[in-house]
Amino acid sequence: MLTSFKSRITAIFVVVVFFVSLDRFLKILSLNEVNFPIIGKLFKFSFTANEYIAFSVPLSGWLLNIVISALVLAIIYFLLQAIKKQVWWETWGLSFVLAGASSNLFDRFKYGFVIDYFDLRYFTVFNLADVMIFCGVVSLLFLYSRKD
């Protein structure tokens, strides 16, 4: 059982490192002003500096960075607890939330904004880190809703 859990943790680590690396690559690409349509005018790849949080809710600045940093530390604590308890789905969800949040937090500290590059017309601009956070949160919500 322990070997199976270790192999799952290794798989999570490999997948998370792949997606964070891809997110960082796409952010660098967008900073270099690479723009192209993905699905016509509906969905395109282009750089956007996002100073705010999800869906451009107008919160920004050093206080936001402190709050996000505290949340990242809390996620690390809960992730370590999930690994210790060998709870695979919780570990998966928390790993994705942590990876996405860390990538975006890195942007905030380095550039003063988050680099977004997927522009979904009429909806929002986002990045792969946001997708990781979303997938992690959805999996955690599913997991916790199934617990008695």
**Asked** In the chain, if every C-alpha pair distance is counted and binned at 5 Å from zero, what percent goes to each bin?
**Response** 2, 9, 17, 20, 19, 14, 10, 6, 3, 0
**Fill in**
Protection proxy (average C-beta count within 10 Å per residue), highest first, orders 71-81, 132-142 as 132-142, 71-81
**Item:** trypsin sites (Lys or Arg not before Pro) within region 48-148, DSSP loop, no more than 16 other Cβ atoms inside 10 Å
**Value:** Arg121, Lys147
**Request:** Could you work out how far apart the two model spin labels at Phe134 and Ala74 are, taking each label as a point 7 Å from the Cα in the direction of the beta carbon, and quote it in nm?
**Result:** 2.3
**Message:** I'd like the Karplus ³J(HN,Hα) series for region 76-91: coefficients 6.51, -1.76, 1.60, θ = phi - 60°, whole numbers in Hz, and an x wherever there's a Gly or Pro.
**Reply:** 4, 4, 5, 5, 4, 5, 5, 5, 4, 7, 6, 9, 5, 5, 5, 4
**Prompt:** Which whole-Hz ³J(HN,Hα) couplings does region 62-69 yield from phi under the Karplus relation 6.51 cos²θ - 1.76 cosθ + 1.60, θ = phi - 60°, glycine and proline marked x?
**Reply:** 5, 5, 4, 4, 5, 5, 5, 4
**Item:** Pair Val17, Phe142: separation of 7 Å Cα→Cβ label points (nm)
**Value:** 2.6
**Hz values of 3J(HN,Hα) by residue in region 95-101 - Karplus curve (6.51, -1.76, 1.60), Gly and Pro given as x** = 5, 5, 4, 4, 5, x, 5
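Bear in mind these aren't lab numbers, they're just calculated from the coordinates by the rules spelled out. In this text, all values refer to a predicted model and were calculated from it rather than measured experimentally. Neighbour counts are summed over all protein chains in view; Cβ atoms, including those assigned to glycine, are modelled from backbone coordinates with ideal geometry.
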